[in-house]
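Novice: If you scroll down you'll find the structure; I have some questions about it.
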Amino acid sequence: MKKNDKSEGKPKTLTTQGGAPVPDNQNSLSAGERGPLLMQDVHLFEKMAHFNRERIPERVVHAKGAGAYGTFTVTNDITKYSKAKIFSEIGKKTELIARFSTVAGERGSADTVRDVRGFAIKFYTEEGNWDLVGNNTPVFFIRDPLKFSDFIHTQKREPHTNLRSQIMWWDFWSLVPESLHQVTILFSDRGIPRGIPHMNGYGSHTYSFINAKDERFWVKFHFKTMQGIKNFTQQEADEIAGKDPDWTTRDLYERIEKGNFPKWELSVQIMPELEAESYRWNPFDLTKVWPHKDYPLIKVGIMELNRNVSNYFAEVEQVAMDPSNKVPGISYSPDKMLQARTFSYADAHRYRLGVNYQSLPVNKPKAMVSNYHRDGHMRFDGNYGDSVIYEPNSFSGPQQNTSFKEPPLKISGNADAYNQPTTDDDFIQPGNLYRLMPPDEQDRLVQNFVNSLKTVPKFIQERMLKHFHKADSTWGDRVAKGLGI
Ligand code: NDP
């Protein structure tokens with residue numbers, strides 16, 4: 001209940017779901033004062049039955065989250081890169097909802113844990129919803145979706161103890177060296193943000209922009225916090241996790257209630273389509289960034305969060321973020337992880353919320369939706385009434401519009417399962433990150449690695465030390481020393 005919520009006048013009559021008035025909500029119907037209950041007390045049984053069904057399956061990943069509504073305002077002209085109407089003029093505002101989450105923990109887990117944070121935004125544009133579903137890190141642990149469920153299992157609970165296990169983490173990371181870049185960010189100061197307003201967000205994947213001349217550009221999205229980066233130390237975070245496990249959720253809610261609206265500046269990195277063929281890094285590898293000196297940040301606009309939700313379940317638990325939601329002028333790329341996510345998010349929502357999840361108020365596009373999907377569980381929106389249900393038809397049903405076709409994408413090579421072997425490339429960017437950290441942050445990074453790795457068998461420690469060494473020999477030596485190896 002909101003503290004300032006004061007009902008005025010006479011309270012409404014309590015009813016059953018069928019609308020019948022309820023004469024007694026304190027005492028169940030029984031056969032005699034001390035006798036058994038009556039089956040005909042439908043209000044009692046409806047109450048118990050509804051309560052048993054209050055929980056829907058929680059998200060397998062990103063289960064604990066906080067969200068808020070806001071606005072995106074264009075500050076710079078990028079129409080030469082994208083024809084998306086959201087960017088069409090300086091000053092243009094678009095409404096949005098954003099959801100921020102931890103990855104591994106369950107719905108009631110503590111907020112201030114060392115984990116990647118989800119950073120997901122649904123822009124309600126006039127051309128349909130555009131969902132940018134990223135993280136607070138510009139890279140990810142793996143670059144092939146075939147490894148995704150295995151990786152997530154390492155972050156969950158062991159089958160026999162039901163406990164989380166650092167052995168699973170380090171065993172997997174040491175066997176999948178392309179994860180080192182993300183692991184380094186995770187164990188750096190940015191692994192525990194001091195609340196949502198103090199972290200950056202990244203689209204992480206490479207996406208594409210298409211302009212009015214049908215030219216394609218590859219694009220990376222960066223949301224830089226305007227509150228400044230601030231992080232918790234491990235000790236602070238551990239204390240807060242015990243005292244107030246919902247700290248991050250509370251912090252965001254209270255800031256917005258006080259009118260202290262957090263803001264992020266959106267910038268993009270742009271790569272002309274054909275440069276991808278010759279660029280030094282595979283621009284579609286999710287374990288790599290594009291160094292800023294090669295592709296500088298171009299400012300686009302400001303995102304501000306300025307309104308709390310009024311019902312957490314309806315608006316945050318049921319919000320269905322999905323990278324397959326895109327608008328003309330913004331599209332996918334050959335990034336294998338992105339390709340897989342365009343399937344798996346919608347698939348998860350169909351399972352968790354039901355096939356008609358896009359019609360729920362928080363997910364419903366502001367743009368007109370017209371198609372031939374019909375029926376399904378919980379069809380609560382009129383189901384398009386008596387309109388025609390097939391296509392082609394002679395009855396003015398919606399039709400394709402070829403003006404929205406994307407330019408063809410040049411692809412070469414044979415269909416095959418391509419091994420992306422680990423090369424020195426996987427160690428250069430983590431090494432660059434280590435070297436750009438000031439000495440005190442390097443100290444904390446090394447100590448965080450030592451504290452975690454000291455709990456795992458020596459053969460795993462040794463495998464990891466080789467990776468640290470390849471990234472930067474000083475870093476490897478320091479962790480080895482901390483582990484007494
Ligand atoms: P730059 O010097 O131009 O950029 C360094 C980047 O590192 C900045 O974006 C900075 O963010 C960020 N950073 C600083 N400390 C941390 C940390 N603990 N965890 C994560 N990011 C941090 O160099 P490059 O573009 O050549 O990148 C060098 C390395 O920086 C990369 O290998 C990568 O690890 C990391 N990085 C690069 C990004 C990119 O898109 N190029 C984005 C984020 C990280 P801020 O500006 O907020 O201080």
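The values are calculated or read from the model by the stated rules, or taken from the named source; none is laboratory data. A quick note: this is a predicted structure, and the numbers were derived from the prediction, not measured. A quick note on method: Cβ atoms are made from the backbone with ideal geometry, for glycine too, and the neighbour counts reach across all protein chains shown. What goes into the accessible areas is simple: the full protein's heavy atoms, side chains included, and nothing from ligands, DNA or RNA. Shrake-Rupley method; radii C 1.70, N 1.55, O 1.52, S 1.80 Å.
Novice: Cut-off under 27 Å on the C-alpha distance; same-chain residues fewer than 8 positions from Lys458 excluded. Which lysines are left, in chain and number order?
Specialist: Answer for Lys458, where 27 Å is the Cα cut-off: Lys147, Lys156, Lys466, Lys470, Lys481, listed by chain and number.
Novice: Another question about this same structure. Return a whole-number percent for the relative contact order of the chain, with Cα pairs under 8 Å and 6 or more residues apart as the contact set.
Specialist: Reported as a whole number, the value is 17 percent.
Novice: Going by amide H atoms built from the backbone, whose H comes under 5 Å of the H on Thr102, apart from near neighbours?
Specialist: The list, which skips near neighbours in sequence, is Lys64, Gly118.
Novice: Could you pull out every residue, at least 5 positions away or on a different chain, whose amide H is within less than 5 Å of the one on Val22? Hs are placed 1.01 Å off N in the peptide plane, and Pro or chain starts have none.
Specialist: Excluding prolines and chain starts, which carry no amide H, the hits are Leu14, Thr15, Thr16.
Novice: I would also like to ask the following. Pairs of Cα atoms under 8 Å, at least six residues apart: use those to get the relative contact order of region 371-485, whole percent. Present the calculation step by step, with values, prior to reporting the outcome.
Specialist: On the way: 52 pairs, mean separation 21.7, N = 115.
Relative contact order here is 19 percent.
Novice: Sort 436-447, 206-217 by the packing proxy (mean of other Cβ within 10 Å over each peptide's residues), most packed first.
Specialist: 206-217, 436-447
Novice: Work through the residues other than Ser387 whose Cβ is under 15 Å from its Cβ and net out their charges, Lys, Arg +1 and Asp, Glu -1.
Specialist: Working: positive: Arg374, Arg379; negative: Asp375, Asp381, Asp386, Glu391.
Neighbourhood net charge equals -2.
Novice: OK, next. Checking the table Lys122/Lys405; Lys85/Lys122; Lys80/Lys293; Lys92/Lys224; Lys224/Lys410 against a 25 Å threshold on Cα-Cα, which pairs fail?
Specialist: The answer is Lys224/Lys410.
Novice: I would also like to ask the following. In sequence order, what are the phi-derived ³J(HN,Hα) couplings for region 209-223 according to the Karplus relation 6.51 cos²θ - 1.76 cosθ + 1.60 with θ = phi - 60°, rounded to whole Hz, with x for glycine and proline?
Specialist: My calculation for region 209-223 gives 10, 10, 9, 5, 8, 6, 8, 9, 10, 8, 9, 10, 9, 10, 10 Hz in order.
Novice: Ordered by residue, what ³J(HN,Hα) values in Hz, to whole numbers, does region 17-23 give under the Karplus form 6.51 cos²θ - 1.76 cosθ + 1.60, where θ = phi - 60° and Gly and Pro are x?
Specialist: Taking θ as phi minus 60°, the curve returns 4, x, x, 6, x, 9, x Hz for region 17-23.
Novice: Using a 10 Å cut-off on Cβ atoms, rank the peptides 84-90, 390-396 from the highest mean neighbour count down. Show your work: numbers first, answer last.
Specialist: Values: 84-90: 17.7, 390-396: 9.1.
Sorting 84-90, 390-396 by mean packing, highest first, produces 84-90, 390-396.
Novice: Please report the relative contact order for region 241-372, taking Cα pairs under 8 Å with a sequence separation of at least 6, and give it as a percent rounded to a whole number.
Specialist: 22
Novice: In what sequence, highest mean first, do 352-359, 401-408 appear when ranked by Cβ atoms within 10 angstrom?
Specialist: Ranked from most to least packed, the peptides come out as 352-359, 401-408.
Novice: I need the Kirkwood Rh of region 351-485: take the reciprocal of the average 1/r across all distinct C-alpha pairs and report it in angstrom. Intermediate results must be reported in sequence, preceding the final value.
Specialist: On the way: mean 1/r = 0.0465 Å⁻¹.
Hydrodynamic radius (Kirkwood, Cα pairs) of region 351-485 is 21.5 Å.
Novice: Once you list every other residue whose beta carbon is under 14 Å from the beta carbon of Pro145, what net charge do they have if Lys and Arg are +1 and Asp and Glu are -1? Display every interim value, and only then the final one.
Specialist: Working: positive: Arg143, Lys147, Lys336, Arg341; negative: Asp144, Asp150, Glu178, Asp285, Asp335, Asp347.
Charge balance in the 14 Å sphere: -2.
Novice: To the nearest 20 debye, what charge dipole does region 102-187 have about its Cα centre, counting +1 at the Cβ of each Lys and Arg and -1 at the Cβ of each Asp and Glu?
Specialist: Here region 102-187 has a charge dipole of around 280 debye.
Novice: At 7 Å along the Cα-to-beta-carbon direction for both Thr75 and Arg164, put a label point, then send me their distance in nm to one decimal.
Specialist: Output for this residue pair reads 3.5 nm.
Novice: 5 Å is the cut-off here: which amide hydrogens, built 1.01 Å from N in the peptide plane, fall below it relative to Arg194, excluding neighbours closer than 5 in sequence?
Specialist: Amide H to amide H, under 5 Å and 5 or more residues apart or across chains, Arg194 pairs with Lys230, Asn231, Phe232.
Novice: In whole Hz, what ³J(HN,Hα) sequence does region 155-172 give by Karplus (6.51, -1.76, 1.60; θ = phi - 60°), x for Gly and Pro?
Specialist: 8, 9, 10, 5, x, 8, 9, 6, 10, 6, 9, 5, 5, 4, 4, 6, 4, 5
Novice: Once the other residues with Cβ under 9 Å from the Cβ of Glu58 are scored (Lys, Arg +1; Asp, Glu -1), what is the net sum?
Specialist: +3
Novice: Tell me, what is the per residue accessible area of region 351-443 in Å², probe radius 1.4 Å? Please report the intermediate quantities before stating the final value.
Specialist: Values: 6910 Å² over 93 residues.
About 74 Å² of surface per residue is accessible.
Novice: If you don't mind, there's one more thing I want to ask. Just the ratio, please: alpha-carbon radius of gyration of the chain over 2.2 N^0.38 Å, N its number of residues.
Specialist: Numbers: Rg = 25.5 Å, N = 485, 2.2 N^0.38 = 23.1 Å.
Ratio of Rg to 2.2 N^0.38 Å for the chain: 1.10.
Novice: Moving on. Skip the ligands, DNA and RNA, and give the accessible area per residue of region 234-287 with a 1.4 Å probe, whole Å². Kindly include the intermediate steps, with their values, before the conclusion.
Specialist: Numbers: 2820 Å² over 54 residues.
Accessible area per residue, region 234-287: 52 Å².
Novice: Sticking with this structure for a sec: Pop out the carbon and sulfur fraction of the accessible area of the chain as a percent, whole number, probe 1.4 Å.
Specialist: Values: 13890 of 25860 Å².
That fraction is 54 percent.
Novice: Continuing with the same structure: Just the number please: accessible area per residue for region 192-232, 1.4 Å probe, all protein chains included, in Å². Before the final figure, lay out each step's value.
Specialist: Values: 1180 Å² over 41 residues.
For region 192-232, the per-residue accessible area is 29 Å².
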